[in-house]
Amino acid sequence: MKVTVIGTGYVGLVSGACLADAGNTVFCLDVDQGKIDRLNRGEIPIFEPGLESIVKRNEAAGRLVFSTDVAASVAHGELQLIAVGTPPSEDGSADMQHVLAAARAIGRHMQSWKVVATKSTVPVGTADQVKSVIEEELRKRNLKMDLAVASNPEFLKEGAAVEDFMRPDRIVIGCEDSRAIALLRQLYAPYQRNHDRVMVMGVRSAELTKYAANSMLATRISFMNEVANLAESLGADIEEVRRGIGSDPRIGYHFLYPGVGFGGSCFPKDVRALQKSAADAGRPLRLLAAVHEVNEAQKRVLFGKISRRFPHLEGKTIAVWGLAFKANTDDMREASSRVLIEDLVAAGASVRAYDPAAGHEARKLYADAKNVTIVESAMQAIDGADALALVTEWQEFRSPDFPALKARLKTPAIFDGRNLYDPVVMKSLGFEYYPIGRKT
Ligand SMILES: NC(=O)c1ccc[n+]([C@@H]2O[C@H](COP(=O)([O-])OP(=O)(O)OC[C@H]3O[C@@H](n4cnc5c(N)ncnc54)[C@H](O)[C@@H]3O)[C@@H](O)[C@H]2O)c1
């Protein structure tokens, strides 16, 4: 099948590469010439496990093309998948300019029937907007042409995006056009060979499903963060509580880890965008307002612990392990590490930070910050540091050389925003250990 993917970011690049890997011929379009040039030089602009080999293999086979040529991209695919960004606007709503620009471009160039499916996370009603924008462009060209619009929200997780795309839990297709549904079913058939995971539903339901899914997951995190903070005050241990409640099959173990708050390019913006849509619809979601508020506070919990232990942070150096918003990605959008670093620097401290993948991103972000040094290894971050703050749950931080760590830190204090270590072991090793919601 010939497929066009519009937007070659985390979702677009992974989707395009995985679709090509099943034998489709995929045209990946982006407006960012620099990104397309890098891809055409064989560079992968994002860190995503397993992605590079798939991109290279399919490019070499001629099934994956990267370009900024809009007319060619519209001409290529009967299926046009929109995967552009929907960043937050000032008021929290999803900024739809890129989605609508992509739709407009389709309307300006299409010569035959198309299925336009939106993979971007978009507010309810977007499919209708996409259709009317395309029809408006067709009218300007004095053309009348059939097209089908669909909502096809993407549920992949950064850090496991290839795996998620190749083995999806479900494929949601919001569409009313039977020909378009058949085409999308055919597109996704290779990724669900043992049983059908396609769910066909109304377009508006599909659009809302994506926001509801992310908001539910964000709610679990904020709930656990609040209970963790309470556990600290009451002398309970959140790890024991987590196991105690996760064992209930109605609750389950997923997304019950307390920490430094959720970040990334999806949860924070999607929670706010759904709140805004709900408020606009006259049905404010009170629960989500609390989820957001708890999360903002949780991003500052580690700094609170550090500043209580070191009331005078001027001149101190804090090592930060982990900058990406979660492990296995280089994405620092809305990462909790950024809030911590900002607070530490504002309090007069210096930061020596290390991340296994996000170093390049951090160097761009902190290019002008003289009190922030991004280093090449976990142990380099410790050199000359007064204490260690652990922010991202990368595998390589789980079992460090504790004696070396203790010898190098000026104060053997670890502020663990991910509860990676056992408080009893840490105590026996002579560390001051400050986890989230645990009995120490
Ligand atoms: N990142 C994730 O894990 C994830 C998961 C599921 C859904 N989503 C949703 O998918 C969408 C894309 O997210 P992302 O993280 O891939 O974004 P991204 O910022 O990584 O990529 C978006 C890309 O779209 C390009 N673009 C913008 N306007 C364009 C246009 N008119 N034509 C062609 N290209 C254009 C940008 O240059 C950029 O490369 C968002 O709505 C997001 O909420 C993201």
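Here, each number is a calculation from the coordinates, and none is a lab measurement. Treat the numbers as computed from the prediction; the structure is a model and nothing was measured. Note that we place each Cβ from the backbone using ideal geometry, even for glycine, and neighbour counts take in every protein chain shown.
Of note:
- Among the conditions (1) at positive phi; (2) more than 9 Å from the ligand (Cβ to nearest atom); (3) buried (at least 16 other Cβ atoms within 10 Å of the Cβ), Ser67 misses just one, which is (1).
- Verdict on Leu313 being assigned to a helix (DSSP H, G or I), over 17 Å from the mean Cα position of the chain (by Cα) and of a type in the set (A, V, I, L, M, F, W, C): no
- Members of the stretch 325-348 found to be hydrophobic (A, V, I, L, M, F, W, C), surrounded by 24 or more Cβ atoms within 10 Å (Cβ to Cβ) and touching a strand residue (DSSP E or B) at 6+ places or on another chain (Cβ under 9 Å), listed by number: Leu340, Ile341, Leu344
- Ala346 vs. criteria away from the ligand (no atom under 16 Å from the Cβ) and at negative phi: yes
- Flag if Val172 is surrounded by fewer than 20 Cβ atoms within 10 Å (Cβ to Cβ) and among the hydrophobic types (A, V, I, L, M, F, W, C): no
- For Thr121, the test of being of a type in the set (Val, Ile, Thr) and in contact with a Pro (Cβ under 8 Å, 6 or more places away or on another chain) is passed.
- Any hit, the stretch 356-371, residues being assigned to a strand (DSSP E or B), at negative phi, under 26 Å from the mean Cα position of the chain (by Cα) and buried (at least 22 other Cβ atoms within 10 Å of the Cβ): no
- The number of residues in the stretch 1-35 being in a helix (DSSP H, G or I), near the ligand (Cβ under 10 Å from one of its atoms) and either in contact with a Cys (Cβ under 8 Å, 6 or more places away or on another chain) or touching a residue at least 60 places away in the same chain (Cβ under 8 Å) (or both) comes to 6.
- Applying a threshold of 9 Å to beta carbon distances and a minimum spacing of six or more residues, or different chains, the list of pairs starting in the stretch 76-95 at a residue that is surrounded by fewer than 16 Cβ atoms within 10 Å (Cβ to Cβ) and ending at one that is aromatic (Phe, Trp, Tyr) and in a loop (DSSP other than H, G, I, E, B) reads Glu78/Trp113.
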